[in-house]
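*Asks:* Input: one structure, supplied below.
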Amino acid sequence: MLKLVLINNSYKKILAHSININGTKLNKGKIIDKGDIKLLNNYGRQQIYIFEKTPEHISENKASFQISKHITGKNILINNPVNGRADLFSKINGLLDYDSKLLFNLNYSNDDLAVAMIKPLEIVKKNQLIGNVKILPYATTKKSLKKTLNIEKYLNFINVKKARNKNITLLISADEADTKSNNKIVSSVNSRLLNFDLNLKQVLYCKHNVNDIKNILLSKNIKNSNLLLLYGSTSIVDKNDIVPKALKKAKGKVIAYGAPTDPGNLLMYGTLKNKQVIGVPGCARSAVRNGFDLILEKTCYDFSIDKKVIAELSSGGLFKKVIRKK
């Protein structure tokens, strides 16, 4: 606990606040020794704030490390804590996955604990800092720590997910060959996939009509694919447009047409047997992040997708940055 004590009573106590004396700095958190007491007395200090540990306390570094071990799961490295702060790093290129409500509850119910994370469902790089666990005072009570460690819902609730080993096919449908445009969409999709250590297994081409797209979807060419990206020369402007109609003709199912993202409104999501299907919007040709990224990431990281999930993209779905002219 924090106490204001006489200098001579501070020996082997924890200094609560940093002190600067004639160019010499005594850093907060240091264990006060006899030399510190002499220095403080020589400069007329009579009292200082100290943090006094009792047998009921556990040190800040030990506590932050134990909590970090409890709440983190796969593919997360815990750095050795310093000053009660344990930094968390991703071991892989992946996607940060945790329940934000659990994170809120963990912080809300512990006055001496602060767990800060980057936003959930963010794509992260290997060795990237993704969060930290900080004990706010210089120690916490063993009782408080035990209570947190005994809450099962906090066990391993923060993870970095590795992308599934997907066999991804991009189908480009167009009535006229446009090598420049085709190369751009192939390059754009591959650059996105590279962020999570995936790549296109094949690129197929056909005419932009219902029968030709349907025939590709029924062909042996996509037998081993588990994710199909359908990019047409024209945008999908209706659930009965060419691409969704071709999917339905191939005995596939359109789960959702349209997405509450901008760019990325004209997106389709569906299934074909055990394959996931994305009707790719035109904005995917741009490397700038947009609604296509949100769906692509969810499919590659094996999230269950339905119409409700796509509707929920509306929160954070606006990517445009426009300043209205007066």
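*Asks:* Could you give P(r) for region 1-122, binned at 10 Å from zero, as whole percent values over all Cα-Cα pairs?
*Replies:* Histogram of Cα-Cα distances, whole percents per bin: 11, 33, 24, 19, 11, 2.
*Asks:* Just to verify a number: FRET efficiency for Asn42 and Ser109, C-beta to C-beta distance, R0 = 41 Å, to 0.05? The partial results should precede the final answer.
*Replies:* Numbers: r = 45 Å, r/R0 = 1.11.
Here the calculated transfer efficiency is 0.35.
*Asks:* So, one more: Can you tell me the dipole magnitude for region 172-257 around its Cα centre, using point charges on the Cβ only (Lys, Arg +1; Asp, Glu -1), in Debye to the nearest 20?
*Replies:* Details: 14 positive and 7 negative charges, 86 e Å.
Dipole magnitude for region 172-257 comes out near 420 debye.
*Asks:* Nearest-5 percent of antiparallel DSSP beta bridges in region 208-279? Spell out each step's value before the answer.
*Replies:* Details: 9 of 13 bridges.
Looking only at bridges with both residues in region 208-279, the antiparallel portion is about 70 percent.
*Asks:* Tell me which label goes with the value of semi-axes √(5λ) of the Cα gyration tensor in Å computed from the coordinates here: [x] 35, 23, 17; [y] 57, 20, 16; [z] 31, 24, 21.
*Replies:* The value computed from this structure is option [y].
*Asks:* Which of the trypsin sites (Lys or Arg not before Pro) found in region 191-226 are loop residues per DSSP with 15 or fewer other Cβ atoms within 10 Å of their Cβ? Please report the intermediate quantities before stating the final value.
*Replies:* Numbers: sites: Arg192, Lys201, Lys207, Lys214, Lys220, Lys223; in loops: Lys207, Lys223.
Here the sparse-neighbourhood loop sites are Lys207, Lys223.
*Asks:* From the protein chains alone at 1.4 Å, what is the descending order of accessible area for Asp212, Asp241, Asp99, Asp197, largest first?
*Replies:* Values: Asp212 50, Asp241 30, Asp99 75, Asp197 100 Å².
Descending order: Asp197, Asp99, Asp212, Asp241.
*Asks:* Keeping every protein chain in place, order Lys30, Lys101, Lys326 by accessible area at 1.4 Å, biggest value first, i.e. largest first. All intermediate terms of the calculation are to be shown ahead of the outcome.
*Replies:* Values: Lys30 60, Lys101 150, Lys326 230 Å².
Highest to lowest solvent-accessible surface, that is Lys326, Lys101, Lys30.
*Asks:* Shifting gears a bit: Can you pull the Kirkwood radius for region 72-193, inverse mean 1/r over Cα pairs, to one decimal in Å?
*Replies:* Working: mean 1/r = 0.0581 Å⁻¹.
When all Cα pairs of region 72-193 are included, the Kirkwood radius is 17.2 Å.
*Asks:* Once you charge only the Cβ atoms, +1 for Lys and Arg and -1 for Asp and Glu, what is the size of the charge dipole of the chain about its Cα centre, to the nearest 20 debye? Please list the in-between numbers first.
*Replies:* Working: 55 positive and 25 negative charges, 40 e Å.
It comes to approximately 200 debye.
*Asks:* Can I ask one more? Return the percentage of antiparallel bridges among DSSP beta bridges fully within the chain, rounded to the nearest 5 %.
*Replies:* Details: 42 of 60 bridges.
Roughly 70 percent of the beta bridges in the chain run antiparallel, per DSSP.
*Asks:* For Lys30 and Leu129 in one chain, what is 0.36 nm times their gap in residues minus the Cα-Cα distance, to one decimal in nm? Before the final figure, lay out each step's value.
*Replies:* Details: separation 99, 0.36 × 99 = 35.64 nm, distance 2.67 nm.
Stretched out fully, the Lys30 to Leu129 stretch lengthens by 33.0 nm.
*Asks:* Out of every Cα pair in region 104-149, what percent are spaced more than 17 Å from each other? Numbers along the way, then the final one.
*Replies:* Values: 431 of 1035 pairs.
When every Cα pair of region 104-149 is considered, 42 percent fall beyond 17 Å.
*Asks:* Pull up the DSSP beta bridges for region 183-316 and report the antiparallel fraction as a percent, rounded to 5. Could you put the intermediate results ahead of the total?
*Replies:* Details: 9 of 13 bridges.
If we restrict to bridges inside region 183-316, about 70 percent are antiparallel.
*Asks:* Rounded to the nearest 0.05, what FRET efficiency do Glu176 and Val322 give with R0 = 35 Å and r taken as the Cβ-Cβ distance? Could you check? Could you put the intermediate results ahead of the total?
*Replies:* Details: r = 33 Å, r/R0 = 0.94.
Here the calculated transfer efficiency is 0.60.
*Asks:* Would you work out the relative contact order for region 123-271, in percent, from Cα pairs under 8 angstrom that are 6 or more residues apart?
*Replies:* 21
*Asks:* Among Lys214/Lys320; Lys161/Lys214; Lys25/Lys134, which pairs are too far apart, with a Cα-Cα distance over 26 Å?
*Replies:* On the way: Lys214/Lys320 34 Å; Lys161/Lys214 34 Å; Lys25/Lys134 24 Å.
Going by Cα-Cα distance, Lys214/Lys320; Lys161/Lys214 fall outside the 26 Å limit.
*Asks:* Per DSSP helix of 4 or more residues, -39500 (n - 2.57); summed, then divided by the residues of the chain. What does that give at 222 nm, rounded to the nearest 500?
*Replies:* Values: 9 runs with 86 residues, N = 326.
After summing the helix terms and dividing by residue count, I get -7500 deg cm²/dmol.
*Asks:* A follow-up question, please. Counting only the heavy atoms of the protein chains, how much of Val288 is accessible to a 1.4 Å probe, in Å² to the nearest 10?
*Replies:* Answer for Val288: close to 100 Å² accessible.
*Asks:* Next question. Measure off, as a whole percent, the carbon and sulfur share of the 1.4 Å-probe accessible area of the chain, all protein chains present. Could the numbers behind the result be given before it?
*Replies:* Values: 9090 of 18170 Å².
In the chain, the share of accessible area belonging to carbon and sulfur is 50 percent.
*Asks:* Related question: How big is the convex hull of the Cα atoms of region 48-110, per residue, in Å³?
*Replies:* Details: hull volume 7.4 nm³, N = 63.
Expressed per residue, the convex hull around the Cα atoms of region 48-110 is 117 Å³.
*Asks:* By accessible area of protein heavy atoms, probe 1.4 Å, what ranking do Met1, Met117 get, highest first? Working shown, then result.
*Replies:* Working: Met1 115, Met117 35 Å².
Largest accessible area first, the list is Met1, Met117.
*Asks:* Tell me which chymotrypsin sites (Phe, Trp or Tyr not before Pro) from region 12-55 have a DSSP coil assignment and no more than 14 other beta carbons within 10 Å of their own. Show your work: numbers first, answer last.
*Replies:* On the way: sites: Tyr43, Tyr49, Phe51; in loops: Tyr43.
Those that pass, being in a loop and sparsely packed, are Tyr43.
*Asks:* Given a 1.4 angstrom probe, what's the average accessible area per residue across the chain, in square angstrom?
*Replies:* Details: 18170 Å² over 326 residues.
Result: 56 Å² per residue.
*Asks:* On to the next question. Within region 1-101, which GluC sites (Glu not before Pro) sit in a loop by DSSP and count at most 13 neighbouring Cβ atoms inside 10 Å? Walk me through the numbers on the way to the answer.
*Replies:* On the way: sites: Glu52, Glu56, Glu60; in loops: Glu52, Glu56.
Hits after loop and neighbour filter: Glu56.
The values are calculated or read from the model by the stated rules, or taken from the named source; none is laboratory data. This one's a predicted model, so the numbers in the text were calculated from it and none came from an experiment. Glycine gets a Cβ as well: all are built from the backbone with ideal geometry, and neighbour counts include every protein chain shown. Remember, those area values only see protein heavy atoms, side chains included, never the ligands or the DNA or RNA. Shrake-Rupley method; radii C 1.70, N 1.55, O 1.52, S 1.80 Å.
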